[in-house]
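Here is the structure we will look at, set down as structure tokens.
The values are calculated or read from the model by the stated rules, or taken from the named source; none is laboratory data. From a predicted model like this one, the values you see are computed outputs, not experimental measurements. Here the Cβ positions follow ideal geometry from the backbone for every residue, glycine too, while neighbour counts run over all protein chains shown.
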Amino acid sequence: MLIQLAIAWMIGIVAGASLSIVAGWYWAVGVVGVVGVRRRWGAALLVFALGALRYGASLPPVGPTDVRLLAEQGEVQLVGHVHADPTRNEEGQKLILRVEAVQHDRQTRSSSGLVLISMPPFPAYQYGERLLVTGKLRSPRPATFPGEFDYRAYLAHRGIHVLMRTPGEIRRLSPSPPGPLHWIYAAREHCRATLVRLVPEPQASLAIGILLGIQSSIPDTVADAFAVTGTSHILVVSGWNFTIVAALLAGLSQHMRIGRWPAFWLTLTIMWVYAIFTGGSAAVLRAATMASLMVLARASERQSEPWHLLFAACWLISAADPHSLWDMGFQLSALATASLFAFGRPVETWLKARPPFAWGWMAPFTEALTATLAAQVLTLPLILYAFGNLSIIAPLANILIVPVIPYTMLLGSLALVGGLIWLPLGQLLGCLLWLPLTWITSGVRILAQPSWAAVDIPTFPLWVLGGYYGLAGVLWWRKHSLNSTNANSAKIQSMLFML
């Protein structure tokens with residue numbers, strides 16, 4: 001029942017965003033659902049209506065003080081604070097300014113809304129700083145033809161409706177106010193500076209990306225090589241990180257003979273502190289949510305319901321932020337997890353029946369290849385539709401690199417803690433960390449060199465993508481029932497964290 005209700009909830013969110021229907025009609029549908037709530041169709045109608053209303057409630061009204069009304073109106077002067085941790089790369093930095101006041105046509109008045117500002121890389125600005133910014137506001141560019149990436153819609157789902165590029169003046173009005181997030185970001189920056197002193201480049205940038213979720217220092221050539229080899233997921237904080245944290249805490253709790261539920265709350269607290277510490281991005285929060293549900297399943301001894309866990313995670317994430325359904329990262333994460341649940345066991349069985357994957361010492365590589373191939377069943381069509389790029393070398397790259405990631409995480413954490421305590425100790429441990437980092441960077445660089453490593457795929461219409469998923473769903477449903485995956489859930493759950 002939970003699965004049907006979660007699907008009804010997400011359909012309601014999509015309907016609320018796509019259909020120009022006044023909220024009163026959704027209230028009427030909800031009333032009908034309440035009348036028949038004892039039956040499945042009634043509960044589904046009620047949840048559908050609540051999903052649509054939840055999406056409507058997430059849209060802030062456009063009042064007379066909204067900053068978006070000043071787009072294409074000439075130069076303006078904005079006063080506000082940095083709303084989130086800015087993103088930086090070699091070319092510049094982007095920050096989101098939450099506007100408090102605006103000056104236009106020599107009139108100063110209060111205002112509201114978010115503005116995405118692109119500026120040079122220096123000076124670097126921090127979360128919470130209050131700024132005065134002068135420049136011209138403009139509206140994001142919409143898609144010009146069907147199937148093209150719609151940058152305007154992408155930003156709108158994040159509450160951003162206006163941009164400013166290369167402001168004429170930026171002035172700090174006050175430093176970042178003290179507070180939990182300010183302290184967390186400052187601590188993360190201190191850890192980043194420490195890692196830079198432990199290992200050389202480009203290994204340091206890779207370690208910073210894996211451990212701290214900071215990708216700004218990764219050279220473009222290295223990032224391109226990871227994209228070509230289909231291993232870009234290594235550069236960001238993912239479920240792997242939370243798996244290692246949970247495993248270490250589980251071992252520590254068992255050694256210290258901590259009870260099951262105290263260990264659960266300890267693990268949950270540390271995982272979410274780590275999620276916020278690494279930036280609290282949507283992808284990190286998704287990984288933390290899924291990992292939390294897995295830890296809860298282990299604590300309650302209910303690991304036999306993988307599909308319920310997946311849809312519960314989707315429901316929680318979309319309830320917190322309905323716009324996450326339009327996030328490509330969310331879509332790929334959900335599809336990859338579903339693909340592992342549905343096709344992980346058949347792929348593993350097929351591989352283990354053939355040498356060299358049938359050999360015992362190949363187990364880590366077999367598991368990596370199983371996760372890669374099984375996840376591709378449902379994620380690859382979406383990747384081709386959205387990006388038009390197919391990595392031929394991805395299965396081999398994941399076999400050689402993915403099994404090394406847990407050791408990289410463990411050695412990286414030890415080196416970082418050692419460096420924070422005493423820099424020479426961290427540098428000594430950094431010698432051990434250098435080995436797996438070099439394996440990863442060198443392997444990706446070599447595998448990305450062949451001209452056939454990745455190929456471009458012609459664009460295709462949306463109905464082809466929908467038809468593929470419909471056909472895949474029908475074929476799988478005819479061969480399996482939801483309960484058929486229960487016996488294999490523990491194995492599949494361990495593989496899904498490789499996403």
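With the condition kept exactly as written, say whether any residue in segment 407-415 is surrounded by fewer than 19 Cβ atoms within 10 Å (Cβ to Cβ), without any contact (Cβ under 8 Å) to a residue 60 or more places away in the chain and not polar (S, T, N, Q).
Taking every residue of segment 407-415 in turn, at least one turns out to be surrounded by fewer than 19 Cβ atoms within 10 Å (Cβ to Cβ), without any contact (Cβ under 8 Å) to a residue 60 or more places away in the chain and not polar (S, T, N, Q).
May I ask you to list pairs of residues, at least six apart or on different chains, whose Cβ atoms are under 7 Å apart, with the first in segment 142-171 being on the phi > 0 side of the Ramachandran plot and the second being surrounded by 14 or more Cβ atoms within 10 Å (Cβ to Cβ) and not in a loop (DSSP other than H, G, I, E, B)?
Gly159/Leu114; Thr166/Ser118; Thr166/Met119
What residue, of Val47, Val67, Val32, is in contact with a Phe, Trp or Tyr (Cβ under 7 Å, 6 or more places away or on another chain) and β-branched (Val, Ile, Thr)?
On the way: Val67 fails: in contact with a Phe, Trp or Tyr (Cβ under 7 Å, 6 or more places away or on another chain); Val32 fails: in contact with a Phe, Trp or Tyr (Cβ under 7 Å, 6 or more places away or on another chain).
Result of the check over Val47, Val67, Val32: Val47.
Quick check on segment 56-74. Is at least one of its residues touching a Pro at 6+ places or on another chain (Cβ under 6 Å), part of a helix (DSSP H, G or I), under 28 Å from Met10 (Cα atoms) and of a type outside the set (Asp, Glu)?
Of segment 56-74, the ones touching a Pro at 6+ places or on another chain (Cβ under 6 Å) are 58.
After this cut, where a residue has to be part of a helix (DSSP H, G or I) as well, the list is none.
The answer is no; no qualifying residue exists.
Out of curiosity, is Arg54 of a type in the set (Lys, Arg) and in contact with a helix residue (DSSP H, G or I) (Cβ under 8 Å, 6 or more places away or on another chain)? Please lay out each step first, then the result.
On the way: of a type in the set (Lys, Arg): yes; in contact with a helix residue (DSSP H, G or I) (Cβ under 8 Å, 6 or more places away or on another chain): yes.
So Arg54 passes the test.
So which of Ala17, Ala43 ends up being crowded, with 18+ Cβ neighbours inside 10 Å, under 28 Å from the mean Cα position of the chain (by Cα) and of a type in the set (A, V, I, L, M)?
Selected residue: Ala17, the only one of Ala17, Ala43 that is crowded, with 18+ Cβ neighbours inside 10 Å, under 28 Å from the mean Cα position of the chain (by Cα) and of a type in the set (A, V, I, L, M).
When you scan segment 147-233 for helices (runs of 4 or more DSSP H) that lie fully inside it, which ones turn up with 3 or more residues that are more than 30 Å from Val62 (Cβ to Cβ)?
Values: elements: 151-156, 180-196, 203-212, 220-228.
Helices (runs of 4 or more DSSP H) meeting the threshold: 180-196, 203-212, 220-228.
For segment 215-262, give me each residue that is modelled with pLDDT of 75 or more, among the β-branched types (Val, Ile, Thr) and either in contact with a Ser or Thr (Cβ under 8 Å, 6 or more places away or on another chain) or not assigned by TED's automatic domain parsing to the domain that holds Thr337 (or both).
Matches in segment 215-262: Ile218, Val222, Val228, Thr229.
Mind telling me which of the residues Gln77, Gln4 ends up being at pLDDT below 90, farther than 30 Å from Gly213 by Cβ, surrounded by 14 or more Cβ atoms within 10 Å (Cβ to Cβ) and polar (S, T, N, Q)?
Answer to the check: Gln4.
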